[in-house]
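The values are calculated or read from the model by the stated rules, or taken from the named source; none is laboratory data. Source: prediction; values computed, not measured. With ideal geometry, Cβ positions are generated from the backbone for all residues, glycine too; neighbour counts draw on all protein chains shown.
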Ligand SMILES: *Cc1c(COP(=O)(O)O)cnc(C)c1O
């Protein structure tokens, strides 16, 4: 006994290692919810105090860690990274879940780095099943949910409203998972035909595509009512899929690390990471990785005309405005929910300050930061009329086809230092815009296959009672 414990404490590094591996806890940005382990934080989503979960302590990756990571495959790298965070899942299980999550990707590199010229690179994040970057997180989240159901011997019912990308990525994450059913409400006739097919042509019994007779806001309002009903929520073990889930952010850190390791030495330390942004989830992941000592130099937040983040990072004024639909619809947001995680760090990890600022923002729709420090962020804004011409220019200059979201990143590319633009969706998802820009229709094999499949959707009126009755009938 004595010698065993002596051996354990004999080496400082093994003590630290054991401590960090067994004890990663997650705290709320608002400081009024208990800290949770990884699996509970993932299952909870939004903290009960309204805050977002963050690791209590960020790990630090050393130069020798990075050296060791350089030869790993994408799933191996993802496992190495997540094992620092998912400390309550046995390593063997985590490795399997991660490996499974990336078998659904159509490219051998999972996230290929494409060189356009000496100063310009693209990180393609659209080789997953729904051809948008959300697959990186939602394939993993689906497997984590499936695992949790198996461990706890419980079923869960996932309910969400979507205007397109998130719903289809969530559906493809949960497709065919035992013990899980997913109900996605979308405005009938108002998503793109391809997006609807991605949701309604899966052929899976546990997927329910609910075509709501109304707008996205109607669908959202009906769901909000259902989530507010505690009895209904508990009885069906309802879970939401939203962009603030901790697991989504962590899964997204991995492709920054992967791309960093693939870029040439000398370029990777200097390069600016250009990220088409809406909810601030994608770019936040890169910034967190920088805080873990991976030397990423800086980030450009690339917005479309819905530019709350551009205004924030250029003026320090965080202010709600109405949403104007654009050609890059997945960035059409009013507020950037993940901003609260950045805020937490920028106010010196002080939850009381976060609560103050968020309360002011909620009641007045604005918060102005005096002496705002943008940290490593710069910002750009792309007006809607500029999107087709940017797609055309990129095509002429590099022979590369950028989707409308990615195109926003090509606005004001630096000429004096290298840039890597994160390509968040495949151009094949937006054929109309691409055709109008370059007169050519991009295709993707998975989308062609979809066109031949049977579409199964359930039309429902836009009220909570109808959705409730449907869920009561088909919940697992
Ligand atoms: C969701 C999405 C975005 C915005 O991502 P955030 O994490 O909300 O910043 C950008 N492009 C595409 C194609 C998306 O689906």
- Task: From (1) free of Cβ contacts under 8 Å to residues at least 12 places away in the same chain; (2) in a loop (DSSP other than H, G, I, E, B), pick out the condition that doesn't hold for residue 234.
- Result: (2)
- Subset tally (residues that are surrounded by 14 or more Cβ atoms within 10 Å (Cβ to Cβ) and within 15 Å of the ligand (Cβ to nearest atom)) for the range 331-383: 16
- Item | Inter-residue pairs, beta-carbon under 6 Å, first at positive phi and in the range 240-263, second not in a helix (DSSP H, G or I), 6+ apart | none
- Task: Would you check which residues across the range 190-214 are free of Cβ contacts under 8 Å to residues at least 60 places away in the same chain and farther than 18 Å from residue 428 by Cβ and list them?
- Result: 190, 202, 204, 205, 207
- Task: Quick one: count up the residues across the range 129-185 that are in contact with a strand residue (DSSP E or B) (Cβ under 9 Å, 6 or more places away or on another chain), more than 24 Å from residue 327 (Cα to Cα) and more than 16 Å from the ligand (Cβ to nearest atom).
- Result: 18
- Return the total of residues in the range 406-418 being outside any loop (DSSP other than H, G, I, E, B) and either surrounded by fewer than 21 Cβ atoms within 10 Å (Cβ to Cβ) or within 10 Å of the ligand (Cβ to nearest atom) (or both). 3
- residue 251: passes all of (1) within 16 Å of the ligand (Cβ to nearest atom); (2) touching a strand residue (DSSP E or B) at 6+ places or on another chain (Cβ under 6 Å) but (2)
- Item | Identity of the residue in the range 271-285, part of a strand (DSSP E or B) and touching a helix residue (DSSP H, G or I) at 6+ places or on another chain (Cβ under 6 Å), that ends up nearest to residue 298 (Cα to Cα) | 273
- Query: Of the residues that sit in the range 424-460 and are outside any loop (DSSP other than H, G, I, E, B), farther than 15 Å from residue 106 by Cβ and out of contact with any helix residue (DSSP H, G or I) (no Cβ under 9 Å at 6 or more places or on another chain), which one is nearest to the ligand (Cβ to nearest atom)?
  - Reply: 432
- Query: residue 192 versus (1) more than 30 Å from residue 86 (Cβ to Cβ); (2) away from the ligand (no atom under 16 Å from the Cβ); (3) touching a helix residue (DSSP H, G or I) at 6+ places or on another chain (Cβ under 9 Å): which is the lone unmet condition?
  - Reply: (2)
- When only residues in the range 313-330 that are in contact with a strand residue (DSSP E or B) (Cβ under 8 Å, 6 or more places away or on another chain) and more than 30 Å from residue 194 (Cβ to Cβ) count, which is nearest to the ligand (Cβ to nearest atom)? 313
- Task: Select from the range 289-312 the residues that are buried (at least 17 other Cβ atoms within 10 Å of the Cβ) and either within 21 Å of residue 386 (Cα to Cα) or within 13 Å of the ligand (Cβ to nearest atom) (or both) and list them in ascending order.
- Result: 299, 300, 301, 302, 303, 304, 305, 306, 307, 308, 309, 310
- Message: Condition first: within 14 Å of the ligand (Cβ to nearest atom) and within 14 Å of residue 425 (Cβ to Cβ). Can you find one or more residues in the range 107-117 that meet it?
- Response: no
- Task: Run down 56, 80, 124 and say which single residue is at pLDDT 95 or above and within 16 Å of the ligand (Cβ to nearest atom).
- Result: 124
- Taking the condition more than 16 Å from the ligand (Cβ to nearest atom) and either surrounded by fewer than 24 Cβ atoms within 10 Å (Cβ to Cβ) or at pLDDT below 95 (or both), does residue 266 pass? yes
- Might you let me know whether the range 205-219 holds any residue that is assigned to a helix (DSSP H, G or I), in contact with a strand residue (DSSP E or B) (Cβ under 6 Å, 6 or more places away or on another chain), closer than 24 Å to residue 129 by Cβ and within 16 Å of the ligand (Cβ to nearest atom)? yes
- Task: Take residue 229 and decide whether it is surrounded by fewer than 17 Cβ atoms within 10 Å (Cβ to Cβ) and either away from the ligand (no atom under 13 Å from the Cβ) or farther than 17 Å from residue 132 by Cβ (or both).
- Result: yes
